[in-house]
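Written out below as structure tokens is the structure these notes cover.
Each reported figure results from applying straightforward, stated rules to the coordinates on display, with no laboratory input. Since the model is a prediction, treat every value here as computed from it, not as a measurement. Every residue, glycine among them, receives a Cβ derived from its backbone with ideal geometry; neighbour counts consider all protein chains shown.
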Amino acid sequence: MKKSIPFFKYNAVYEENRAAYSKALEDVLERGAFILQRDLSEFEKNLAEYLGQKYAFGIANATDGLMMALRLAGLKAGDEVILPSHTFVATAAAVHFVGGVPIPVECGEDHLIDADEAKKSVTSKTKVIMPVQLNGRTCNMDKVGVFAKEYGLKIVEDSAQGLGSKFKGRLAGTFGVAGSFSFYPAKILNCFGDGGAIVVDQDDDAESLRQMRDHGRNTKGDIVSWGLNSRLDNLQAAILNIKLKTFDEAISYRRKLAALYQKTLEDLKQIKLPPAPDADPNHFDTYQNYEIEASRRNELQAFLREEGIGSLIQWGGKPLHQLSALGLSAKLPRTDELFKKCLMLPMNTLITEEDVISICQKIREFYKA
Ligand SMILES: *Cc1c(COP(=O)(O)O)cnc(C)c1O
């Protein structure tokens, strides 16, 4: 019988540690502790500590976090925001809903924003650059920093996929105005539904965020500003508290799988692998995703599917500037080329090393290597 390796096993997210999750959920339910309760404040404290930041706020999702960060950055109606075209629509949607104009730009060899190419897109209206810490890799933030300084821009990181990854030892989400993280079930730190966090180091920013995510209320419960309802459910926080304890082990495991993919596939000329775990001492990658470039990509994907192996083309196969319904058109030939070749192979803590070896064998078989 053929072994089936889905791209992501959603039903295994609970099974991975069923007894502990059930106990935590029951405990919260029995206490009736649904909103802004102990489990949430504990998670916020633990996450802030993990990131070496003073404050973390659990919010409804990372898209809300990006909107809040853009507000903190002072984005005004009509301001332009430079972001990579190779990102989730949420990055651009956050800009749109704060009244800004998203300007998609090219990505480089590592699939992350190309700060040199981005210079071509700067205008007098540009106010913010949004690097996306994609696939569990932090951009070259030296380059982004120089770029931002040269044009007087604020940096708002989309670190939804970046938790735990580093550039020159500094964690994603700690470079810009605020860091936003997603705990969507397929994300590297995940909960049982939607969830996110926003982190900052400054006291006044923290107070703004505290109000923004909870109807504009301050700690006394008085309404002192316009706010949203964007609170992380206490139930989800209880689950995240358990998962955060073993998060570094989860990262190590992903890096081990990435090294195995590297070792087993690196001689194939028909594919280009993401940077290996030890390829560059400036980068510490977590492999939120394992995105390769493959010749005859669609045929490879169909072949793997026949063999019971799931794979995914990120964002449904379209970068931002190809989403014609949103009118973000731009001429980005390199990103166009990348989207003919990019493919994500299974990469998570629910698959085994044997799974990775079987996947690699099938890929070799496809290319007759
Ligand atoms: C998942 C993701 C988001 C959105 O996160 P949500 O928590 O689903 O709102 C934004 N940007 C990127 C790059 C993502 O991968």
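For the pair segment 287-348 and segment 199-256, the centres of their Cα atoms are 31 angstrom apart. Peptides 328-337, 67-76 ranked from most to least packed by the mean count of surrounding Cβ atoms within 10 Å: 67-76, 328-337. If the segment from LYS120 to TYR151 were pulled out straight at 0.36 nm per residue, it would be longer than the present Cα-Cα gap by 10.0 nm.
Annotation: the antiparallel percentage among DSSP beta bridges lying fully within segment 1-155 is about 10. Entry note, the chain: the mean residue ellipticity at 222 nm calculated from DSSP H runs of n ≥ 4, each adding -39500 (n - 2.57), is -11500 deg cm²/dmol after division by the residues and rounding to the nearest 500.
Over all orientations, segment 287-352 has a Cα convex hull whose mean projected area works out to 5.6 square nanometres. Note on segment 17-80: the alpha carbon radius of gyration divided by the globular reference 2.2 N^0.38 Å gives 1.52. Take the Kirkwood radius over Cα pairs of the chain, plug it into Stokes-Einstein at 25 °C and 0.890 mPa s, and you get 116 µm²/s for translational diffusion. Protection proxy ranking for 236-245, 291-300, using the average of other Cβ atoms within 10 Å per residue and placing the highest first: 236-245, 291-300. Expressed per residue, the C-alpha convex hull volume of segment 81-153 stands at 77 Å³.
How large is Rg/Rh for segment 63-202, to two decimals, with Cα atoms and a Kirkwood Rh?
Rounded to two decimals, Rg/Rh equals 0.93.
If each Cα of segment 242-367 is one equal point scatterer, what is log10 of I(q)/I(0) from the Debye formula at q = 0.11, 0.16, 0.23 Å⁻¹? Rounded to two decimals, the profile gives -0.44, -0.86, -1.37. For the listed peptides 46-58, 5-17, 356-368, a ranking on the average number of other beta carbons within 10 Å per residue, highest first, reads 46-58, 356-368, 5-17.
Stokes-Einstein diffusion coefficient for segment 273-322 at 25 °C in a medium of 0.890 mPa s, Rh from the Kirkwood formula over Cα pairs: what value in µm²/s? Estimated via Stokes-Einstein, D reaches 187 µm²/s.
Starting from the coordinates of the alpha-carbon atoms of segment 206-282, obtain the Kirkwood hydrodynamic radius over all distinct pairs and give the value in Å to one decimal.
Working: mean 1/r = 0.0603 Å⁻¹.
Radius from the Kirkwood sum: 16.6 Å.
Taking every alpha-carbon pair under 8 Å whose residues sit at least 6 apart, segment 70-162 reaches a relative contact order of 29 percent.
Relative contact order of the chain: 22 percent, from C-alpha pairs under 8 Å at least 6 residues apart in sequence.
Computed log10 I(q)/I(0) for segment 1-149 at 0.09, 0.16, 0.21 Å⁻¹: -0.44, -1.02, -1.29, from the Debye equation with unit scatterers placed on every C-alpha and solvent omitted. Placing R0 at 41 angstrom, the Cβ-Cβ distance between LYS272 and GLU16 gives a FRET efficiency of 0.85 after rounding to 0.05.
Measuring nothing but how far apart in sequence close Cα pairs (under 8 Å, 6+ apart) lie, relative to its length, segment 43-116 scores a relative contact order of 26 percent. Computed on the Cα atoms alone, the convex hull of segment 60-112 gives a volume of 72 cubic angstrom per residue. Looking at the chain, the DSSP beta bridges with both ends there are about 60 percent antiparallel.
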